[in-house]
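What follows is a short report on a single structure.
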Amino acid sequence: MHKDVLEVLVSQEEIQEKIKELGGRLTEDYKDKFPLVVGILKGSLPFMGDLIQQIDSHLEYDMMDVSSYGHGFKTSGEVKIVKDLNTSVAGRDVLIIEDIIDSGNTLDYLVKLFHYRKANSVKIVTLLDKPDGRQVDISPDYTGFVVPDKFVIGYGLDYIERYRNLPYIGVLKPEVYEK
Ligand SMILES: O=P(O)(O)OC[C@H]1O[C@H](OP(=O)(O)OP(=O)(O)O)[C@H](O)[C@@H]1O
Ligand SMILES: [Mg+2]
């Protein structure tokens, strides 16, 4: 375990097992469609990379880079598009891949944006759901794990850009961010 990690909430094995299960469900649910799978950078990169390999049907994928946390633990509430999609969502069945839904601000913004851009359907798959963090009323269609109201890191999730490369989900030691 990394020296800055207080506890592991979801192990590497549990993540990979859950991704197989989610991939199976998505394969079934999208088998007659050609979904546009949209990964939200930077956090969703590891999850997206593993999940798409477990979806056994035709799909197209693209990435969008949005950010609202900057260098802290608290959402700014303002979602910034750092890089938009290259692909039009008009008429498409969009499946958004996220690492975490916390306040809900990011996904609320994106779901509204894709509807405005005339997507045929918009669904959300998230590895983690933190329902106690919610500021807006939104819920994912597919969830990996429900996590408590703690700042989590690893498997794409960062604290000031660090820890994204850990293969598990953990909680940071308080002395790391009190420094
Ligand atoms: O539900 P919310 O409160 O909006 O939080 C969830 C979002 O926050 C994080 O992104 P962040 O803005 O930190 O960008 P990053 O993925 O590049 O780290 C995370 O990856 C989600 O996209
Ligand atoms: Mg972040």
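Some observations on this one:
- Segment 76-99, subset open to solvent by less than 30 Å² (accessible area, probe 1.4 Å), of a type in the set (Val, Ile, Thr) and under 22 Å from Gln135 (Cβ atoms), residue nearest to ligand 1 (Cβ to nearest atom): Val79
- Extreme residue, surrounded by the fewest Cβ atoms within 10 Å (Cβ to Cβ), among residues of segment 19-45 that are hydroxyl-bearing (Ser, Thr, Tyr) and in contact with a strand residue (DSSP E or B) (Cβ under 9 Å, 6 or more places away or on another chain): Tyr30
- Some residue of segment 64-71 being surrounded by fewer than 12 Cβ atoms within 10 Å (Cβ to Cβ) and within 9 Å of ligand 1 (Cβ to nearest atom): yes
- With respect to the conditions (1) modelled with pLDDT under 95; (2) buried (at least 21 other Cβ atoms within 10 Å of the Cβ), Tyr155 falls short on a single one, namely (1).
- The single residue among Leu51, Leu22, Leu26, Leu36 that is modelled with pLDDT of 95 or more and within 16 Å of ligand 1 (Cβ to nearest atom) turns out to be Leu51.
- Cross-chain or 6+ apart pairs with Cβ under 8 Å, segment 36-57 first and over 19 Å from Lys83 (Cα atoms), then open to solvent by 30 Å² or more (accessible area, probe 1.4 Å) and near ligand 1 (Cβ under 8 Å from one of its atoms): none
The values are calculated or read from the model by the stated rules, or taken from the named source; none is laboratory data. All values reported here derive from a predicted model rather than from experimental measurement. Please note: Cβ atoms are built from the backbone with ideal geometry, for glycine as well, and neighbour counts cover all protein chains shown. Heavy atoms of the whole protein, side chains included, go into the accessibility calculation; ligands, DNA and RNA do not. Shrake-Rupley method; radii C 1.70, N 1.55, O 1.52, S 1.80 Å.
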